[in-house]
1. Just for segment 16-49: of the residues that are over 27 Å from ALA186 (Cα atoms) and open to solvent by 10 Å² or more (accessible area, probe 1.4 Å), which one is farthest from the chain's Cα centre (by Cα)?
2. Confirm whether SER129 is open to solvent by less than 70 Å² (accessible area, probe 1.4 Å), polar (S, T, N, Q), assigned to a helix (DSSP H, G or I) and modelled with pLDDT of 95 or more.
3. For segment 55-67, indicate whether the set of residues that are under 18 Å from the mean Cα position of the chain (by Cα), crowded, with 17+ Cβ neighbours inside 10 Å and assigned to a loop (DSSP other than H, G, I, E, B) is non-empty.
4. Please find, among LEU171, LEU138, LEU163, the residue that is open to solvent by less than 70 Å² (accessible area, probe 1.4 Å), more than 24 Å from GLU24 (Cα to Cα) and touching a residue at least 24 places away in the same chain (Cβ under 8 Å).
5. What are the pairs with Cβ atoms under 7 angstrom where one residue, in segment 198-209, is among the hydrophobic types (A, V, I, L, M, F, W, C) and the other, located anywhere, is open to solvent by less than 60 Å² (accessible area, probe 1.4 Å) and assigned to a loop (DSSP other than H, G, I, E, B)? Sequence gap at least six, or different chains.
6. For the list (1) of a type outside the set (Asp, Glu); (2) at pLDDT below 95; (3) touching a Phe, Trp or Tyr at 6+ places or on another chain (Cβ under 6 Å), I need the number of the one condition that PHE118 fails.
7. For residues in segment 106-126 being exposed (fewer than 15 other Cβ atoms within 10 Å of the Cβ) and touching a residue at least 24 places away in the same chain (Cβ under 8 Å), which is farthest from SER13 (Cα to Cα)?
8. Residues of segment 82-101 being open to solvent by 20 Å² or more (accessible area, probe 1.4 Å), assigned to a helix (DSSP H, G or I) and polar (S, T, N, Q), which ones?
Amino acid sequence: MAPKITCYLDCVSPYSYFALLHLEKNRQALESHDVEIDIVPVFLGGINVGSGNKPPWTLPAKAAYSGYDSARAKQYFGAENLKTPSFFPIMSLLPQRALCFVKETHPQLFVSTFLDIFEAMWKNGKDVSVPDVLAESLQARFNQDQVKAILSSANSAPIKQQLNDNTKEALERGAFGCPWFWVRNAEGAEEPFFGSDRFHFMWAYLGLPWKDVELQSREKPKAKI
């Protein structure tokens with residue numbers, strides 16, 4: 001059975017952005033090992049409600065720690081210019097539904113569109129839950145008629161149901177946040193992984209060759225004679 005990484009993401013989550021950046025960075029290497037990658041838009045608000053989880057900013061200790069952790073993650077993933085917008089958090093239903101439609105109708109542009117939306121919000125401080133603002137982001141990949149079709153379809157019953165189904169699938173696979181991964185290895189075994197800092201565990205589970213973090217000893221200066 002072909003190995004596969006299914007990745008559940010929401011644009012409201014900066015760690016989802018980090019995860020997508022890292023998957024794209026390693027896409028060529030993963031495909032060389034015949035690992036399929038499937039990016040799935042979900043509604044994080046629904047996952048939190050369905051799992052009983054609470055967003056980190058609602059718990060004082062988590063909120064305080066996230067300041068340190070996000071700064072480290074930004075540096076590690078090469079996204080130092082990310083900043084939390086003043087309107088955070090957003091109700092991400094519209095952009096996530098739009099992404100469901102783009103994945104269905106323009107699969108070759110899906111990942112780049114997801115990245116555009118992430119960057120609009122987290123780099124440029126744009127509230128992509130507002131239709132006109134989302135349209136501006138979509139114009140990077142689509143013409144005016146296509147943008148209108150995406151926004152219109154995002155409010156259609158089939159696309160609303162698609163996002164609901166995606167979110168339900170993630171919950172059935174144990175999700176309590178984003179990014180959430182469901183990974184199948186070559187033997188057909190499957191396991192979940194959570195967060196943007198578990199890729200080394202995924203690579204090991206998939207049986208891929210990878211290099212661990214290596215701590216180097218400090219060289220002592222040679223004694224002068």
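The values are calculated or read from the model by the stated rules, or taken from the named source; none is laboratory data. No experiment lies behind these values; they were computed from the predicted model shown. We place every Cβ from the backbone using ideal geometry, glycine too, and count neighbours over all the protein chains shown. Each accessible area value is taken on the protein alone, full model and side chains, heavy atoms only, with ligands, DNA and RNA left out. Shrake-Rupley method; radii C 1.70, N 1.55, O 1.52, S 1.80 Å.
1. VAL49
2. No: the conditions fail for SER129.
3. So far as segment 55-67 goes, no, none of its residues is under 18 Å from the mean Cα position of the chain (by Cα), crowded, with 17+ Cβ neighbours inside 10 Å and assigned to a loop (DSSP other than H, G, I, E, B).
4. LEU171
5. Once the first residue is among the hydrophobic types (A, V, I, L, M, F, W, C) and sits in segment 198-209, its partners that are open to solvent by less than 60 Å² (accessible area, probe 1.4 Å) and assigned to a loop (DSSP other than H, G, I, E, B) give LEU206/PRO3; LEU206/VAL35; LEU206/ASN185.
6. In the conditions (1) of a type outside the set (Asp, Glu); (2) at pLDDT below 95; (3) touching a Phe, Trp or Tyr at 6+ places or on another chain (Cβ under 6 Å), PHE118 misses (2) alone.
7. Taking segment 106-126 as the starting set, the residues that turn out to be exposed (fewer than 15 other Cβ atoms within 10 Å of the Cβ) are 107-108, 112, 123-125.
Narrowing further to those that are touching a residue at least 24 places away in the same chain (Cβ under 8 Å): 112, 123, 125.
Numbers: SER112: 17, LYS123: 13, GLY125: 14 Å.
Here the residue is SER112.
8. none
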